[in-house]
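The values are calculated or read from the model by the stated rules, or taken from the named source; none is laboratory data. All values derive from a computational prediction rather than experimental measurement. Every residue, glycine as well, gets a Cβ built from its backbone with ideal geometry; the counts of neighbours run over all protein chains shown.
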Amino acid sequence: MDLQDTSVSIHPYLKISDENLEAFKAIAEDFIETTRGEMGCLYYGWSFINNKAFCREGYINADAVLAHLSNVEDLLERMRKLAEITQFEVHGPAQELLKLKSVLEKFNPEFFILEGGFRN
């Protein structure tokens with residue numbers, strides 16, 4: 001199937017201890033402010049339920065994901081000291097996911113290949 005959509009979405013789920021929750025939420029705000037100016041970011045935000053967090057993020061393509069990862073590298077290291085990644089999904093077309101596999105392997109991701117659909 002020929003896909004016109006090159007967008008990639010990342011879906012990290014995290015577990016945070018009680019003593020780290022407020023510090024984690026502060027870093028989540030730093031992530032938002034740092035990511036806000038990225039040209040290739042389609043959307044970005046954090047959702048919480050109790051001590052679980054989810055980062056909702058989408059990018060125009062894998063190159064935009066790579067630019068984002070470079071931009072937030074220090075924040076990622078700080079975040080990983082406060083929370084455990086319990087699930088990490090990456091969704092997008094196969095050709096875009098191939099560009100991300102080696103870079104994201106430290107997060108132990110599952111790659112979901114987009115096989116059909118549309119984007120307005």
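Identify all residues within segment 1-21 that are farther than 24 Å from Lys99 by Cα, in contact with a helix residue (DSSP H, G or I) (Cβ under 7 Å, 6 or more places away or on another chain) and assigned to a strand (DSSP E or B); write none if there are none.
Within segment 1-21, Ile16 is the sole residue that qualifies.
Restricting segment 1-21 to residues that are surrounded by fewer than 13 Cβ atoms within 10 Å (Cβ to Cβ) and modelled with pLDDT of 95 or more, which is nearest to Pro109 (Cα to Cα)? Steps first, please.
Our first condition is that a residue be surrounded by fewer than 13 Cβ atoms within 10 Å (Cβ to Cβ); within segment 1-21, this holds for 1-2, 4, 17-19.
Now restrict to residues that are modelled with pLDDT of 95 or more: 17-19.
Numbers: Ser17: 22, Asp18: 25, Glu19: 27 Å.
Only one residue tops the list, namely Ser17.
Residues checked against (1) surrounded by 13 or more Cβ atoms within 10 Å (Cβ to Cβ); (2) touching a Cys at 6+ places or on another chain (Cβ under 8 Å); (3) among the polar types (S, T, N, Q); (4) not in a strand (DSSP E or B):
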{"position": "Ala23", "(1), (2), (3), (4)": "yes, no, no, yes"}
{"position": "Ala26", "(1), (2), (3), (4)": "no, no, no, yes"}
{"position": "Thr34", "(1), (2), (3), (4)": "yes, no, yes, yes"}
{"position": "Gly37", "(1), (2), (3), (4)": "no, no, no, yes"}
{"position": "Leu42", "(1), (2), (3), (4)": "yes, no, no, no"}
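Can you name every residue in segment 25-63 that is farther than 18 Å from Ser9 by Cα and of a type in the set (Lys, Arg)?
Lys25, Lys52
Given the conditions (1) free of Cβ contacts under 8 Å to residues at least 24 places away in the same chain; (2) touching a strand residue (DSSP E or B) at 6+ places or on another chain (Cβ under 9 Å); (3) not acidic (Asp, Glu), which single one is not true for Phe107?
Failed condition: (1).
Working only within segment 64-96, note down all residues that are outside any loop (DSSP other than H, G, I, E, B), farther than 12 Å from Pro12 by Cβ and over 13 Å from the mean Cα position of the chain (by Cα).
Asp74, Glu77, Arg78, Lys81, Leu82, Ala94, Gln95, Glu96
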